[in-house]
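Down below is the structure, laid out as structure tokens.
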Amino acid sequence: MTPPLIDIGANLTHDSFDRDRDAVLARARDAGVNRMIVTGASREHSPKALELARQHPGMLYATAGVHPHHAAEYTEECDAELRALHAHAEVVAVGECGLDYFRDFSPRPAQRRAFERQLQIAADLAAAGTPKPLFLHQRDAHDDFIAIMKDFEGRIGPAVVHCFTAGRRELFDCLDRDWHIGITGWLCDERRGRHLRELVPNIPAHRLMVETDAPYLLPRTLDPMPKDRRNEPAFLPHIVAELARDRGQTPEAVAAATTTTAAAFFGLD
Ligand SMILES: [Zn+2]
């Protein structure tokens with residue numbers, strides 16, 4: 001019996017789940033994924049993530065943040081809205097926030113500003129004695145990312161670099177700073193994930209967590225493939241099996257360790 005899993009990154013407020021969200025949650029539970037962190041990644045979706053978590057206590061938890069793609073929407077009003085969301089216990093992490101210079105959907109100065117504003121929220125929560133961990137996104141922006149995080153060193157709680165896809169230097173920079181690493185089905189992508197297979201054995205068990213990033217990043221080795229190509233939390237055991245193989249561990253050992261790590265990181269009961 002594989003220990004239950006925690007999917008630390010599921011975009012369950014995405015409209016592709018509107019027609020069958022309850023069935024998706026039931027399939028997750030049947031697959032042994034009994035807790036999920038619903039990613040809040042925009043002004044529109046962060047309140048929805050909280051709402052969803054409130055509807056499923058003990059099963060769903062939320063993050064609240066603004067993804068770098070949406071950084072242009074980060075106004076004073078947005079900052080106040082995020083701070084209000086973080087007053088709720090169901091919101092267990094600050095983010096998704098960070099930098100994405102691969103897509104550049106928002107101008108880079110706006111991305112840096114939105115990232116800093118959210119790190120300030122995390123710093124203020126920590127200073128108030130109610131720290132929350134950070135749920136971070138970084139793509140093709142490693143050096144700026146490291147520099148901005150350095151400005152907040154010692155003032156923020158633990159951090160996870162979710163959907164890690166970068167290389168060896170970036171991985172060791174993160175591990176040297178004691179950050180956690182989130183691994184997705186990117187690992188299963190024979191075109192662009194091969195380097196990750198060699199890197200994942202370097203991640204200590206107490207720094208490793210797993211996620212689907214559903215509905216995105218459908219694992220390309222899934223068989224059979226869902227017709228609509230939509231990823232969902234029920235596919236997390238497939239990612240864990242591949243990750244375990246690459247790490248030379250059993251799926252049971254990876255499941256047990258990542259669940260323990262995620263529960264402690266997000267402060268779940
Ligand atoms: Zn992301």
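Every number here is computed from the coordinates shown, using simple stated rules; none is lab data. As the structure is a prediction and not an experimental result, all values here were calculated from the model. Please note: Cβ atoms are built from the backbone with ideal geometry, for glycine as well, and neighbour counts cover all protein chains shown.
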Please find, in a Gaussian network model of the chain (springs between Cα atoms separated by less than 10 Å), the residue of PRO215, PRO251, PRO107 whose mean-square fluctuation is greatest. PRO107
Give the distance, in whole Å, between the Cα centre of the range 187-243 and the Cα centre of the range 66-91. 28 Å
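Based only on the alpha carbon positions, what is the Kirkwood hydrodynamic radius of the range 99-169, in angstrom? Let's see the in-between values first.
Numbers: mean 1/r = 0.0786 Å⁻¹.
Over the range 99-169, the inverse of the mean reciprocal pair distance is 12.7 Å.
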Relative frequency of Cα-Cα separations exceeding 27 Å in the chain, percent: 32 percent
Both in Å, the radius of gyration and Dmax of the C-alpha trace of the range 128-171 are 11.5, 36
With a bin width of 5 angstrom, please list the P(r) values of the range 209-261 as percents of all Cα-Cα pairs, from the 0 bin to the one holding the largest distance. 4, 20, 30, 21, 15, 7, 1
Given charges at beta-carbon only (K, R positive; D, E negative), |dipole| of the chain in Debye: 440 debye
In vacuum, with every alpha carbon of the range 1-98 counted as one equal point scatterer, what does the Debye formula give for log10 I(q)/I(0) at q = 0.19 Å⁻¹? Two decimals, please. -0.85
If each Cα of the range 164-206 is one equal point scatterer, what is log10 of I(q)/I(0) from the Debye formula at q = 0.23, 0.24, 0.30 Å⁻¹? -0.75, -0.81, -1.18
Let me check against my output: what whole-number percent is the relative contact order of the range 1-125, with C-alpha pairs under 8 Å and at least 6 apart? 22 percent
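Looking at the range 229-269, which trypsin sites (Lys or Arg not before Pro) are DSSP coil and have at most 14 other C-beta atoms within 10 Å of their C-beta?
On the way: sites: ARG229, ARG230, ARG245, ARG247; in loops: ARG229, ARG230.
Passing sites in the range 229-269 are ARG229.
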re the range 150-269: pairs of Cα atoms spaced beyond 22 Å account for a percent value of 33 percent
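Rounded to whole Å and sorted largest first, what semi-axes of the equivalent ellipsoid does the C-alpha gyration tensor of the range 180-246 yield via the square root of 5 times each eigenvalue? Please list the in-between numbers first.
Working: eigenvalues 82, 32, 18 Å².
One finds semi-axes of 20, 13, 9 Å for the range 180-246.
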For a quick check, take a GNM of the chain with Cα springs below 10 Å and name the residue from ASP30, ASP79, ASP20 with the largest mean-square fluctuation. ASP20
